[in-house]
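Here is the structure we will look at, set down as C-alpha cells.
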Amino acid sequence: MLTVDEALERVLTAVRPPLAERVSLEQAFGRVLAETLRSPRDVPPWANSAMDGFAVVAADTAQAPVRLRVLETIGAGSVPTQTVTSGTASRIMTGAPVPPGADAVVMVEHTDNGAEVVEVRATARPGQHVRPRGDDVRLDQVVLEAGRTLDPAAVGLCSALGIPSVMVAQRPRVAILSTGDEVVEVGWPLAPGQIYSSNTLSLMGLVREAGAEAVHCGIAPDDPEGLRAALQRCLRAELVLTTGGVSVGDFDYVKDVFDDVGAALDFWKVAMKPGKPLAFGALVGVPVFGLPGNPVSCMVNFLQFVRPVLRSMLGDPRPYLPTVDVRLTAPIRKHPGRALLARLTLAPGPDGLPLATPTSSQSSGVLMSMVHGDALSLLAEDAETARAGDVVRAQVLRWGWMNGAEPGYGW
Ligand code: AMP
Ligand code: MG
C-alpha cells in the first residue's frame, strides 16, 4: 500500500505548466494570475486631500485660530490654478489635488467655512490629511504575484492601476465519467436495482471549486464496448476523472479498455480511509484518475489527489486545502496502518480552537457525512484512536460554521 504522501507525490508528476490566456477584469474573478504584475503608475497619481476642508501652509496654523484669505475652490476632478502661500488657503474637497505651496489640509469642521476669508481653528501638522503621491502603490512596484487567485480586492487594484486585462491560467477541462450498470442520471426513472449518480454532480462541483471547467461525460455501462465509446468522449479534456469500478475484480473491463487504447493506468491501494482504491495514469497523454464509486471515497480522493493537481496546473503555489487544529468532542476510533480522514462537524470553541464532532456515520457510502462534514481529520497512518478532548489537525472544507448568528459583533 502507498501512503497518502507517496500517492500525492506520484500524482503531482501529472502537472503541466499552465497555459495562459488574456481576460478582461470582469472575467478575472476567481481566476489564477499567470503573470506577475508591476504597477504602471503611482497611485494616487498626485498628492490629494483625504478630507473636505482647506489646503494651507501648516506653519500658518501654529497660532490657531488664524484667518486666511481663500484663493479658490478645488473640487475632485479639477486642477488647482493657484499656489498657496503664507496667509492664504484654498477650499478643497476629498480626492482633489493638493495645490502647490500647501502642505496640509484642515478639516472643514475645524474652520468657520468662510467664503472669502476662512478662520482656521485648529493647528495642522505638515502632511495632515494629505495622501501623498504613490501612497497606495508606487510606479514599478510588484503588486500581484503570479499564482495569486484574483479576488475582488485584487481585481479592484488592477482597475485602480489602469490595467484593463490580465493574463490568467487557462481553466483545464476536466472530463467526468461515471461507470456502473446500476448508476442512472438524475431526472430519469429508476428501474429496480438502480441508483442515481451522485458522483457526477459532486465531482462537477469540486472541479469548478478548484477553478477548472467540468465536462459532463455521462455514465458508462459495465461493458467494454460502452466504456470504450464513453472514454472517447473524454479525450478532448486536459484531465479525465472516472468513478466506480476501481475496487478489486470490478475494474477488469475498464483496465482492458484502457489497455486497448494504449493507456497506462496503475491501480493503487492508498493507506487511507475512506477511499483506499485509486487508479492513476495517462490516456494519450491526458492524466486519468480512476476514483472509487462510493460517494464519500470519491469526494475524499478527489480532494486529496485531484484538487492539488488541478490547483498546481493552474499555477497556485499553495495547492492544498487549508488546515487547522481542532478539539474533538468525541473519540475517533482508528486502526494503525491507514490514515483516517473522518468527517467532522465544526463549531466555534471556547478557547479559540474549533470544536470537532465526528459525523454520526463514517461509512464511505453515506454522503450525508460530507453534507455535514465541515472538515476532514488528518490522522496519519501510524496514529492511534483519538480521544475526546484531543487536539488533531483537520482540513477545512467549508467555513460557514464560523458565521455568527447574532447581529452586532457576531455578524
Ligand atoms: P464500485 O466502485 O463501482 O464498485 O462502486 C462502489 C459503490 O459506489 C457501489 O455501491 C456503487 O453503486 C456506488 N457508485 C458507483 N458509482 C456511483 C455514482 N456515480 N454515484 C453514486 N454512487 C455510485
Ligand atoms: Mg461499479
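The values are calculated or read from the model by the stated rules, or taken from the named source; none is laboratory data. Since the model is a prediction, treat every value here as computed from it, not as a measurement. FYI the Cβ positions are ideal-geometry reconstructions off the backbone, even for glycines, and counts take in every protein chain you see. Areas reflect the complete protein model, heavy atoms only, side chains present, ligands, DNA and RNA absent. Shrake-Rupley method; radii C 1.70, N 1.55, O 1.52, S 1.80 Å.
If you filter the stretch 168-184 down to residues that are in a loop (DSSP other than H, G, I, E, B) and within 15 Å of ligand 2 (Cβ to nearest atom), you find that the one that is surrounded by the most Cβ atoms within 10 Å (Cβ to Cβ) is GLY180.
Taken together, SER361, SER369 contain a single residue that is within 17 Å of PRO295 (Cβ to Cβ) and over 25 Å from the mean Cα position of the chain (by Cα), which is SER361. When THR323, THR345 are screened for being under 22 Å from the mean Cα position of the chain (by Cα) and exposed (fewer than 14 other Cβ atoms within 10 Å of the Cβ), only THR323 passes.
Of all the numbered requirements in (1) under 30 Å from LEU33 (Cβ atoms); (2) without any contact (Cβ under 8 Å) to a residue 24 or more places away in the chain; (3) touching a helix residue (DSSP H, G or I) at 6+ places or on another chain (Cβ under 8 Å), GLY205 misses one, and that requirement is (3).
Okay, residues lined up against (1) part of a helix (DSSP H, G or I); (2) under 30 Å from LYS255 (Cβ atoms); (3) more than 16 Å from ligand 2 (Cβ to nearest atom); (4) not assigned by TED's automatic domain parsing to the domain that holds LEU231:
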{"residue": "GLY293", "(1), (2), (3), (4)": "no, yes, no, no"}
{"residue": "CYS298", "(1), (2), (3), (4)": "yes, yes, no, no"}
{"residue": "LEU303", "(1), (2), (3), (4)": "yes, yes, yes, no"}
{"residue": "ARG307", "(1), (2), (3), (4)": "yes, yes, yes, no"}
{"residue": "ARG318", "(1), (2), (3), (4)": "no, no, yes, yes"}
{"residue": "LYS334", "(1), (2), (3), (4)": "no, no, yes, yes"}
{"residue": "LEU344", "(1), (2), (3), (4)": "no, no, yes, yes"}
{"residue": "LEU353", "(1), (2), (3), (4)": "no, no, yes, yes"}
{"residue": "SER364", "(1), (2), (3), (4)": "no, yes, no, yes"}
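Which of the residues spanning the stretch 100-148 are surrounded by 17 or more Cβ atoms within 10 Å (Cβ to Cβ), among the aliphatic types (A, V, I, L, M) and not in a strand (DSSP E or B)? ALA102, ALA124, ALA146, listed by residue number.
Please determine whether any residue of the stretch 392-406 is charged (D, E, K, R), at pLDDT below 95 and open to solvent by 30 Å² or more (accessible area, probe 1.4 Å).
There is at least one residue in the stretch 392-406 that is charged (D, E, K, R), at pLDDT below 95 and open to solvent by 30 Å² or more (accessible area, probe 1.4 Å).
Consider the stretch 149-162 and keep the residues that are over 16 Å from the mean Cα position of the chain (by Cα) and surrounded by 18 or more Cβ atoms within 10 Å (Cβ to Cβ). The one that is farthest from ligand 2 (Cβ to nearest atom) is LEU161. The combined condition, being free of Cβ contacts under 8 Å to residues at least 60 places away in the same chain and under 30 Å from ALA212 (Cβ atoms), is not fulfilled by ASP103.
ALA191 meets the stated requirement of being open to solvent by 10 Å² or more (accessible area, probe 1.4 Å), at pLDDT 95 or above, away from ligand 1 (no atom under 13 Å from the Cβ) and more than 30 Å from the chain's Cα centre (by Cα). Scanning the stretch 194-207 for residues that are open to solvent by less than 70 Å² (accessible area, probe 1.4 Å) and either within 13 Å of ligand 2 (Cβ to nearest atom) or among the small types (Gly, Ala, Ser) (or both) yields GLN194, SER197, SER198, ASN199, SER202, GLY205.
Considering the stretch 11-26, and only residues there that are closer than 30 Å to ALA271 by Cβ and in contact with a helix residue (DSSP H, G or I) (Cβ under 9 Å, 6 or more places away or on another chain), the residue that is most open to solvent (accessible area, probe 1.4 Å) turns out to be ARG16.
Among the conditions (1) within 15 Å of ligand 2 (Cβ to nearest atom); (2) touching a residue at least 24 places away in the same chain (Cβ under 8 Å); (3) not hydroxyl-bearing (Ser, Thr, Tyr), CYS234 misses just one, which is (1).
Only one of the numbered conditions (1) away from ligand 2 (no atom under 16 Å from the Cβ); (2) modelled with pLDDT under 90; (3) under 15 Å from GLY290 (Cβ atoms) is not met by ASP250, and that is (1).
Here THR242 clears all of (1) part of a strand (DSSP E or B); (2) of a type in the set (Ser, Thr, Tyr); (3) open to solvent by 60 Å² or more (accessible area, probe 1.4 Å) except the condition numbered (3).
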